[in-house]
Structures are given as structure tokens and as C-alpha cells.
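S.K.: Below is one structure. I have some questions about it.
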Amino acid sequence: MQKKILWIGLILMITSTHRLKAQYAKTDSTYKRCFVGSTIFLLGNLAATNPPGFFQLNVGYRITGKDVITVEPKTWKYAWPNGIHPFLNKSYGKAEEEFPGYIREYGVSVAYLRSLWKGLYAELNIMPTWQNFVNEDGHKIGKGFQIFNTYRTGYHIKLFKDRFFIQPSLAITHRAYHTRMPDGFKQLDDKWSKFVFGEPEFHFGFNF
């Protein structure tokens, strides 16, 4: 399911490249300053096995034509270490790397986006998250906290006279800090890097 979502995102990006002149003028007072949106990874909830119970809402404000602040409440669960690339590493989804249960996270990230050239942008996303560790019997066995950063670059593409937009991107994710995990979780997580490089993302939104 995750690979299908990636291909859908890439196809949309390729078919939309004629709209890449998406930067808003610094002095333009007519562009819509606010937007709401989410991510195409919501489709992961349709997976037949291990659905993530994922939710994300992006609420943003354009300070200027080039500077954007977004607040993003999120929640999801996962059963493999965050250090495994979900698309490029074959260890993701393997039984030997699976946690003895899963982690349910709740977070609110704050993102700053800077337009660089035409539709090209860079974004820093910082997210504190609260974690519940659940064992294979469905019982909560611990709590945790982490700071999860995302360093992203991509394109902002206007659609339908700027009523909607899409943002295909690639990201580096970074678990900058986390508290100690319960035994069984910790041993598997320690095997993997705190960074994942080249993670695809695909956001969409409605301007108002």
C-alpha cells in the first residue's frame, strides 16, 4: 500500500510540472493567506494489514509571499523502527524487525516554509510527540516522548486558479531526542539510524 501511494504521488507530480511557477509575489496583497490541508499518506489507513490509524491536519498562514508558518496536529501508530526507510529498505515490514507490539504517537508540529525560486521551497518541521507503548496483547506498557524533525525540499504547485495546491517533496527525517523505550522496543530501535534520507512526502491543501 505504501509503495502504491508513492507511485500515485510521483505520477501527480510529473503530470503537474507545467504549473511550477507557484511562488507568490512579495508585494502581492491578493493571494490567499490561509490554508488547510493534509497528506496523501492518509490513504495508508486503507491498508488491509497494519493500518496506521493516521490523522494529520495542516493549518497554515502566509506571513509574506515567501514565508509560511504551518501547525500540524498528527497521530499514528507503527510497529517498526522509525530509522528504517519505509520504501527503500527491505527490512521495513520484516518480522524480525517488528516491535513486540506497537507505538502510538500524538504530536503537534510547527513548520516554517521558505520559497526559494518559482515553486521550489525548503521547510523545517519540528514536532514534539507523546508516545504510548503497547504490547502484543494490546496493553499499554509505557509512555515516552520524542522530538521528531523533518527537513524537506519540494515544489508548491497551484491548481484551479490557486484554490488548491499540491506539494510533492523529499525529506530527511531526524529523531533529535527521545526518552528510553521499554525493553524489546529499545533493542530493535537502537539498531537503526536517527536519520532517514530521501523520504517522499505529498501534501495537498485548500486556500482561503
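S.K.: From the backbone phi of region 184-192, what are the Karplus-calculated ³J(HN,Hα) couplings (6.51 cos²θ - 1.76 cosθ + 1.60, θ = phi - 60°) in whole Hz, Gly and Pro given as x?
M.R.: Couplings: x, 7, 4, 4, 6, 5, 5, 6, 10 Hz.
S.K.: Right, next: Semi-axes, largest first, in whole Å: what does sqrt of 5 times each Cα gyration tensor eigenvalue give for region 88-164? Walk me through the numbers on the way to the answer.
M.R.: Values: eigenvalues 245, 55, 31 Å².
Computed over region 88-164, the values are 35, 17, 13 Å.
S.K.: For the chain, what's the relative contact order in percent, using C-alpha pairs closer than 8 Å and at least 6 residues apart?
M.R.: Computed value for the chain: 21 percent relative contact order.
S.K.: ³J(HN,Hα) across region 36-52 via Karplus (A = 6.51, B = -1.76, C = 1.60, θ = phi - 60°), whole Hz, x for Gly/Pro?
M.R.: 10, x, 6, 9, 5, 5, 4, 5, x, 5, 8, 4, 6, 10, 6, x, x
S.K.: Counting only residues 5 or more places away or on other chains, whose amide H sits under 5 Å from the amide H of F164 once H atoms are built in the peptide plane?
M.R.: It is L159, N207, by chain and number.
S.K.: Listed highest first by mean packing, meaning other Cβ atoms within 10 Å per residue, what order do 200-206, 111-117, 38-44 come in?
M.R.: Numbers: 200-206: 20.1, 111-117: 15.3, 38-44: 17.7.
Ranked from most to least packed, the peptides come out as 200-206, 38-44, 111-117.
S.K.: Okay, helix-only estimate at 222 nm for the chain: each DSSP H run of n ≥ 4 adds -39500 (n - 2.57), divide by all residues, round to 500 deg cm²/dmol; what do you get? Walk me through the numbers before you get to the answer.
M.R.: Working: 2 runs with 19 residues, N = 208.
Theoretical 222 nm ellipticity from helices: -2500 deg cm²/dmol.
S.K.: Assign unit charges at the C-beta atoms only (+1 for Lys and Arg, -1 for Asp and Glu), then state the dipole size of the chain relative to its Cα centre in Debye, rounded to the nearest 20. Provide the component values of the computation, followed by the final result.
M.R.: Numbers: 27 positive and 16 negative charges, 180 e Å.
I would put it at about 860 debye.
S.K.: Give a residue-ordered list of calculated ³J(HN,Hα) values for region 200-205 (Karplus: 6.51 cos²θ - 1.76 cosθ + 1.60, θ = phi - 60°; whole Hz; x for Gly, Pro).
M.R.: Each residue's phi maps through the Karplus curve to give x, 9, 8, 9, 9, x Hz.
S.K.: If you don't mind, another one. Among 184-195, 73-84, 118-129, how do they line up from the highest to the lowest mean number of other beta-carbon atoms within 10 Å?
M.R.: Highest to lowest by the protection proxy: 73-84, 118-129, 184-195.
S.K.: Compute the distance in nm between two label points, each set 7 Å from the Cα along the Cα-to-Cβ direction, one at N50 and one at A79.
M.R.: 0.7 nm
Throughout, read-outs are computed from the coordinates displayed, never taken from laboratory work. Computed from a prediction, not measured in an experiment: that's the story for all the values here. Glycine gets a Cβ as well: all are built from the backbone with ideal geometry, and neighbour counts include every protein chain shown.
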